[in-house]
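Quick notes on the structure that follows.
What follows is calculated from the coordinates using simple rules that are stated; it is not laboratory data. Source: prediction; values computed, not measured. As a convention, Cβ positions derive from the backbone with ideal geometry for all residues, glycine included, and neighbour counts pool all protein chains shown.
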Amino acid sequence: MKKLLKGGRVLDPASGLDAVMDVLIDGNVIAAIETDIPGSSADEVIELHAGQWVAPGLVDVHVHFRDPGSPDKETTETGAAAAVAGGFTTVCVMPNTSPVIDSTPMVQYILNAAQSTGIQIFPIAAVTRGLEGEEMTSIGTLLSQGAVGFSDDGRPVASANMMRKALEYSNMFDVPIVCHAEDCTLFGNGVMHEGYYSTLLGLPGIPSVAESVMVARDIELARFTGGRVHFAHISSKESVSLIRKAKAEGLRITAETTPHYLALTDACCQAYDPDFKMNGPLRGEADQKALIEAVMDGTIDVIATDHAPHTPDEKSMAFDCAPNGVIGLETSLSIMLTHFYHTKKLNPLDLIAMMSTRPAEIFKLKHSGRLAVGERADVVVIDPEQSWVVDPAQFHSKSRNTPFKGQTLKGRAILTLANGQCLYQQSSLLKRSAMAV
Ligand code: DOR
């Protein structure tokens, strides 16, 4: 079965390709990228126009699919459906499931569950058994079974000595340790960013230094061990400065931030709505500004969602009692298009690089992040101009906890092909025709 994507703006950050071209998909492989491929060479032609982008499927290296353990929040199936609706064809799932992804059978469980979804799902395995911080997991074995990184995400690796050992060990395999940067003693019982609004709202605050002190520690451990640290969900300006300096020194540091830190601030917590509660918390305007600059100058490598589903019941508790986390797979691309492409802060190639090519490189995801002849046909078609209103009731995710509900966003994925299969399509926007053969 051959599909022809005809006439879109083809973007491949890895090669720098940015031109109006046709893309021919033969089975599960990209067979040709050329101008004027005849419609007769395909079984199906999808007519695009030059304003629509054809890009490598998006890659989110930080999601929580809650499988196994909490099928009321999300399952691999609903998480994957949310992913393709957001343009993602590859995701990395975090290990804070029940049981924790800290053993060979658990890594195999994730890879098995992935198979029926059609997308690529890779486990980030735990650094320590049960996320308890006491005993390191078998990093080499888990890696050989299919884990692509290691993290105790949801919690920090509190012991510097444990982090040192994990970095020394993971360095032998050139694989990153993903740092959930949080000092629990400074975090205390905080529920939102410590600042003007936490005082105003009478809620216990989480100081920025709870994050940056851990970023500083792990930069020093990366220097000492030569290991690779990938900082998860960076939220504060102090962390940004530390990461920028460490990168300038040539340390093996990479970092991600999330769309919610880029688009929102702690002022959003004023309605005491738990859909604005996550860890790290939404921070102040100066932090938001620093993160935007860091995205633009490359200090931040990757946009990740930290897609963290929780049930409506849990998220209808009082702000200070509700669990941390917001979903993001179905809004991430649109937030980035609205706040970075339409404001001319990022060009299309750089935006796609941060949401596909770069995360695939960092986690060595061989079959993701490229749109080139011979590659796996993971492709997203994006309409950057389409405005839509975020309605959580329409989400494919099982959960509804988005801080972007009711917002009008500009741009979205309109077609997602994974391994050559069409897994998501907004039918009204595409002209598809079957060719007589
Ligand atoms: O807000 C968060 N929620 N931050 C995390 O680090 C974990 C996540 C979750 O698992 O719910």
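A few points about this structure:
- Karplus 3J(HN,Hα) series, Hz, for region 32-42 with 6.51 cos²θ - 1.76 cosθ + 1.60 (x for Gly, Pro): 7, 10, 8, 8, 6, 6, x, x, 5, 7, 10
- Residues whose amide H lies under 5 Å from that of residue 179, counting only those 5 or more places away or on a different chain, are 230, 231, 232; hydrogens are built 1.01 Å from N in the peptide plane.
- Amide hydrogen neighbours beyond the local backbone of residue 407, cut-off 5 Å, H modeled: 390
- Qualifying lysines (Cα of each under 17 Å from Cα of residue 3; at least 8 residues distant if same chain): 431
- Amide proton proximity set for residue 17, modelled H, under 5 Å, gap of 5+: 12
- Working note: Karplus 6.51/-1.76/1.60 with θ = phi - 60° gives region 396-410 the couplings 7, 4, 6, 9, 10, 7, 10, x, 9, 3, x, 6, 8, 10, 10 Hz, where Gly and Pro are set to x.
- Under 21 Å from residue 405, Cα to Cα: lysines that are on another chain or at least 8 residues apart: 73, 277, 315
- Fraction of beta bridges assigned by DSSP in the chain that are antiparallel (%, nearest 5): 55
- Backbone N within region 264-294 under 18 Å of label point (7 Å from residue 248 Cα along the Cβ vector): 290-294
- Estimated inter-spin distance, residue 35 and residue 426, nm [label 7 Å along Cα→Cβ]: 2.9
- Based on the convex hull around the alpha carbon atoms, the chain presents an average projected area of 19.0 nm².
- Spherically averaged projected area of the convex hull of Cα atoms, region 96-188: 6.2 nm².
- Full extension of the chain between residue 112 and residue 364 yields a length gain of 88.7 nm, computed as 0.36 nm times the residue separation minus the alpha carbon distance.
- Computed Rg/Rh of region 144-288, alpha carbon atoms with Kirkwood Rh: 1.00
- When you restrict to C-alpha pairs under 8 Å that are six or more residues apart and normalise by the size of region 29-131, the relative contact order lands at 24 percent.
- Result for the chain in a Gaussian network model with C-alpha springs under 10 Å: among 174, 218, 306, the largest mean-square fluctuation is at 174.
- Rg(Cα)/(2.2 N^0.38 Å) for region 210-303, N = residue count: 1.09
- For the chain, the relative contact order comes to 21 percent (Cα pairs under 8 Å, sequence separation of at least 6).
- Translational diffusion coefficient (Stokes-Einstein; Kirkwood radius from C-alpha pairs) of region 21-152 at 10 °C, 1.306 mPa s, in µm²/s: 95
- Longest site-free stretch - the chain; sites: GluC sites (Glu not before Pro), DSSP loop, at most 13 other Cβ within 10 Å: 250-437
- For region 113-122, 3J(HN,Hα) computed residue by residue from phi via the Karplus equation (6.51, -1.76, 1.60; θ = phi - 60°) reads 4, 5, 4, 7, 7, x, 9, 8, 10, 10 Hz, glycine and proline entered as x.
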